[in-house]
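Please treat every number below as a calculation from the coordinates, not as lab data. Everything quoted here is computed from the prediction, not taken from an experiment. Ideal geometry is used to build each Cβ from the backbone, glycine not excepted, and the neighbour counts take in all protein chains shown.
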Amino acid sequence: MPNNMRKTVIFDLGNVLINWAPDEILQRFTADPVEREQYRQVFFSQTWLALDAGLIEYDNALKLFSLLLEKPLSEMERFMQTVRESLDPLPLALALLHDLARRKVDLICISNMPLHADAYLRKRYDYWHLFRGIVISAQVQLLKPHLDIFHYAIEQYQLAPDRSLFIDDSKANIDAAQKCGIQGVWYHNDQAGIEQVYRFLNQ
């Protein structure tokens, strides 16, 4: 049974702890505006969603991206490497994470993330041990904003929804969490969002 006295803060990754900016990725990858628009299709493809959901192997996804854009596999791998390398830290929420860990706050992570990016991030950053639990969409084959991923986290980590707060940059994801009884902070990489977290903890 969940510990009803404990409060839990749940972090998303993209645009909370790490930068996720497709326009910046495209600018970093190529100076050609026409080529940027070609590669932009990757982010909105069904194959991209399947990677996030853990429903397709990385090598097979590269082949499908190659067919979609009529580009060689080597170029698609170079593009995906650019995507991974763009996942830079966001200092504001990172400082919050470390402060909450020092305060012994219960910390969970729920993120839509493909396996290849998750593996890269686990090597690049060293804060994973601060989380009591980590739910990566591709590992559990569940995606936000579907409610199932929140139900999974609640059951897996014995969370008390009414004493849990979810930080995410997507309104749809916040709405889904709230439908599961979890409070939410629609985060915009700003101090106002950080203050909402502390207000929740001080209630």
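Between V140 and E195, what is the spin-label point distance in nm, taking each point 7 Å from the Cα along the Cα→C-beta axis?
Those two pseudo-labels are separated by 3.2 nm.
What does the charge count around Y120 come to, taking other residues whose C-beta lies under 11 Å from its C-beta (Lys +1, Arg +1, Asp -1, Glu -1)? Spell out each step's value before the answer.
Values: positive: R84, R122, K123, R124; negative: E85, D118.
Residues near Y120 contribute +2 overall.
Just need the relative contact order of segment 22-85 here, percent rounded to a whole number, with Cα pairs under 8 Å and 6+ apart.
Dividing the mean separation by the residue count of segment 22-85 yields 30 percent.
Would you tally the net charge around G181, using a Cβ to Cβ cut-off of less than 10 Å, leaving G181 out, and scoring K and R as +1, D and E as -1?
For residues surrounding G181, the net value is +1.
Against the longest principal axis of the chain, how steep is helix 147-156, in degrees 0 to 90 to the nearest 10, with axes from Cα atoms?
50 degrees
Expressed as a whole number of Å, what is the distance separating the alpha-carbon centroids of segment 125-170 and segment 103-119?
One Cα centre to the other: 7 Å.
Please give, to one decimal in nm, the separation of the simple spin-label points placed at Y125 and L147, each 7 Å out from Cα toward the Cβ.
In this crude spin-label approximation the distance works out to 2.9 nm.
Counting Lys and Arg as +1 and Asp and Glu as -1, what is the net charge of the other residues whose Cβ lies under 11 Å from the Cβ of T82? Present the calculation step by step, with values, prior to reporting the outcome.
Working: positive: R28, R78, R84; negative: E24, E75, E77, E85.
It works out to a net charge of -1.
Measure up K144/K171; K7/K123; K63/K144 against 21 Å on the Cα-Cα distance and list the ones that go over. Mind dumping the intermediate values first?
Working: K144/K171 11 Å; K7/K123 29 Å; K63/K144 26 Å.
Beyond 21 Å: K7/K123; K63/K144.
Along each principal axis of its Cα atoms, how long is the chain end to end? Whole angstroms, biggest number first, please.
55, 31, 29
Output the 0 to 90 degree angle, nearest 10, between the alpha-carbon long axis of helix 191-202 and the longest principal axis computed from the alpha carbons of the chain.
30 degrees
If you place +1 on the Cβ of every Lys and Arg, -1 on the Cβ of every Asp and Glu, and leave all else neutral, what size is the dipole of segment 22-85 about its Cα centre, to the nearest 20 Debye? Mind dumping the intermediate values first?
Details: 7 positive and 12 negative charges, 5 e Å.
Value, rounded to 20: 20 debye.
Please report, in debye to the nearest 20, how large the charge dipole of the chain is about its Cα centre when each Lys and Arg carries +1 at its beta carbon and each Asp and Glu carries -1 there.
It comes to approximately 760 debye.
How big is the gap, in Å, between the Cα center of segment 177-199 and the Cα center of segment 5-83?
For segment 177-199 versus segment 5-83, the Cα centre distance is 26 Å.
Packing-wise, with mean Cβ within 10 Å as the measure, how do 46-58, 173-185 rank, highest first?
On the way: 46-58: 17.5, 173-185: 19.2.
My ranking of the peptides, most packed first, is 173-185, 46-58.
At a Förster radius of 25 Å, what calculated FRET efficiency corresponds to the Cβ-Cβ distance of K63 and E37, to the nearest 0.05?
0.70
Which whole-number percent is the relative contact order of the chain (Cα, under 8 Å, 6+ apart)?
Relative CO of the chain lands at 30 percent.
What is the extension gain from H188 to R28, computed as 0.36 nm multiplied by their sequence separation minus the C-alpha to C-alpha distance, in nm to one decimal?
My answer for the length gained is 55.3 nm.
Please list 105-115, 65-75 highest first by mean number of surrounding beta-carbon atoms within 10 Å per residue.
So the peptides 105-115, 65-75, ranked by packing, come out 105-115, 65-75.
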